[in-house]
Amino acid sequence: MMVCVEIAGSTEALRDLERELRTDPDLRGTRLSRVDAAPAAGEMGFATEALQWVTDNNELLAALVGAVAGWLARQRPPTRISVKRGDREIELVCDQVRDPDATTKELVRLLEDPDGV
């Protein structure tokens, strides 16, 4: 499965989340990569647009969304993220995440494949 996390309008926030995910011991050994956007007219270089994460393990999905929910709960408004898996997309705003554990359970429920894959 492939999960993509985007943060609206903030490359620095996305890099901060990336640092946190890369140092999370529960996610060690998984593949996390940057998805870069093409530079806008007159700009040089690429900006990181999203983080992409690949696994075939639903337990690691729970670890990923738990780390994302915990990170988001510590952010200030108007931090908004979008978590995508296939045709499913869930958008969260930091002030909506009052209970990271409950948010994690709900995200896993919404993102899990009904076939358990």
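Per-structure values
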| item | result |
| --- | --- |
| Residue selected from the range 95-109 under the condition of a type in the set (D, E, K, R) and outside any helix (DSSP H, G or I), by the criterion nearest to LEU64 (Cα to Cα) | ASP99 |
| Some residue of the range 70-80 being under 15 Å from the mean Cα position of the chain (by Cα) and at pLDDT below 85 | yes |
| Odd one out for THR48 among (1) closer than 13 Å to ILE7 by Cα; (2) modelled with pLDDT of 85 or more; (3) hydroxyl-bearing (Ser, Thr, Tyr) | (2) |
| Residue match in the range 1-17 (condition: hydroxyl-bearing (Ser, Thr, Tyr), assigned to a helix (DSSP H, G or I) and at pLDDT below 80) | yes |
| Residues satisfying the stated conditions in the range 18-35, i.e. of a type in the set (Ser, Thr, Tyr) and either part of a helix (DSSP H, G or I) or touching a residue at least 40 places away in the same chain (Cβ under 8 Å) (or both) | THR23 |
| Checking ASP87 against (1) more than 18 Å from GLU6 (Cβ to Cβ); (2) at pLDDT 80 or above; (3) surrounded by fewer than 19 Cβ atoms within 10 Å (Cβ to Cβ), the condition it does not meet | (1) |
| First in the range 65-83 and closer than 17 Å to ARG22 by Cα, second anywhere and surrounded by fewer than 16 Cβ atoms within 10 Å (Cβ to Cβ) and polar (S, T, N, Q), Cβ under 9 Å, 6 or more apart | LEU72/GLN96 |
| Subset of the range 51-66 that is under 13 Å from MET2 (Cβ atoms) and among the β-branched types (Val, Ile, Thr) - its residue that is farthest from the chain's Cα centre (by Cα) | THR55 |
| Selection status of THR55, within 15 Å of GLY66 (Cβ to Cβ) and modelled with pLDDT of 80 or more | no |
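The values are calculated or read from the model by the stated rules, or taken from the named source; none is laboratory data. Computed from a predicted model, the values in this text were never measured in an experiment. Ideal geometry is used to build each Cβ from the backbone, glycine not excepted, and the neighbour counts take in all protein chains shown.
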